[in-house]
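The values are calculated or read from the model by the stated rules, or taken from the named source; none is laboratory data. Predicted, not measured: the structure shown is a model, and the values here were computed from it. Ideal geometry is used to build each Cβ from the backbone, glycine not excepted, and the neighbour counts take in all protein chains shown.
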Amino acid sequence: MKRVVVGLSGGVDSSVTAYLLKEQGYEVIGLFMKNWHDDSVTISNECPWLEDSNDAMIVAQKLEIPFQVVDLSEQYKERIVDYMFDEYEKGRTPNPDVLCNREIKFDVFMKIALQLGADFVATGHYCRKSEENINGKTIYKLLAGKDGNKDQSYFLCQLSQAQLAKSLFPIGELLKPEVREIAKKANLITAEKKDSQGLCFIGKVRLPEFLQQKLQPKIGEIVQIPADFHEYLRQIPTFETKEAELAYFSQKFRYKKQDGKVVGKHQGAHYFTKGQRKGLAVGGTKEPLFVIETDVNENIIYTGEGKNHPGLYRNVLFVANDEIHWIREDLKLEIGKSLVVEARIRYRQKLEKATLYQVENGMYVEFENPQSAIQEGQFVAWYQNEELLGSGVIS
């Protein structure tokens, strides 16, 4: 019997993961990750992790599997929370869920599981894993989940071959309603439980309030940039090389206060992110305003009216060499080479046609269609035929 440690989160997906593995004859152990107890950054008076760990324990009792809580809050604070504050302070937008998987679930947690003699770690992610022998070597593939509405492969875009080798994703072949149905038939307490909307394993946190605990409010101005701003109408030069063209189109627009008009005040540019509409509290425009750029040094938020404002769109982004990550290391691009893929820059976005170009200092990702709100600090992930090949942090 192979031993599997399941990250039981107190939700329906991980409960059914444990149930299915037990049915398949594995020796299953349930572990709940406690990632938070820093009261200096209290998020709300609710204590979701207590409720969740309770539910996880009840599920473990029902399935008659050993259960324990592991406290990873120190590592979580160091690797995720501090990083998040740091990134937001710089005016970037990190993705804590992608990091939580790379740094916590499939690193710290996985090491604990292996110390417990586990052959595998299993999670309730909607994605699939397959393997293939290529040139005498076993290569692991990360595939999109069968449920197109729930596919969570993007969140695992930073995993390595070593991490995938030890991972199982039992619900990846199922649709969410089927998962709930299995939980109901097995009488699991989590069958009807709503999906958590919070930060990975912290629970219910509203980001602005969360950030305000550490990043002090600082009143600044909201500037509206007109749709006919001269930079949008600029003459496009002729390019000597493809790389020169990519470099040109990957540059974001730079704004100064005098390029638009002051339309309001905000509490701090570092609380806002590109593409954001909520929280601006500026009226009097025909269409809502969207954040098109934040300047944390000058503490100014630049906005544009309507979701088709030209300041929101560009079709080329850049990833520096030290931020490029290939799950499929065997497909890594040599300098001067390109690869046609499908890519997304955020979870839930549908895959878009794109081409990767590896140059000396990094990689350009050129989308066929302009993308809205390309934001530094987020992850771009690239796929071919449902397989996630790699990802990178947008520079």
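Side notes on the structure shown:
- Filter result for LYS185 (surrounded by fewer than 13 Cβ atoms within 10 Å (Cβ to Cβ) and at pLDDT 95 or above): yes
- Condition met for SER53 (in contact with a strand residue (DSSP E or B) (Cβ under 9 Å, 6 or more places away or on another chain), buried (at least 22 other Cβ atoms within 10 Å of the Cβ) and modelled with pLDDT of 90 or more): no
- Within region 343-361, considering residues that are modelled with pLDDT under 95 and of a type outside the set (D, E, K, R), the one farthest from VAL316 (Cα to Cα): TYR347
- Annotation for region 318-329: no member residue is among the aromatic types (Phe, Trp, Tyr) and assigned by TED's automatic domain parsing to the domain that holds TYR232.
- Total residues in region 312-350 satisfying the condition of being charged (D, E, K, R), under 23 Å from ASN385 (Cβ atoms) and surrounded by fewer than 16 Cβ atoms within 10 Å (Cβ to Cβ): the figure is 7.
- VAL28 satisfies every condition listed in (1) surrounded by fewer than 23 Cβ atoms within 10 Å (Cβ to Cβ); (2) modelled with pLDDT of 95 or more except (1).
- In region 83-99, the residue that is surrounded by the fewest Cβ atoms within 10 Å (Cβ to Cβ) out of those that are touching a residue at least 12 places away in the same chain (Cβ under 8 Å), of a type in the set (Asp, Glu) and closer than 21 Å to LYS218 by Cα is GLU89.
- For region 59-111, residues that are within 20 Å of SER160 (Cα to Cα) and β-branched (Val, Ile, Thr) total 4.
- Checked against (1) within 21 Å of PHE253 (Cβ to Cβ); (2) not in a strand (DSSP E or B), TYR347 passes all but a single condition, namely (1).
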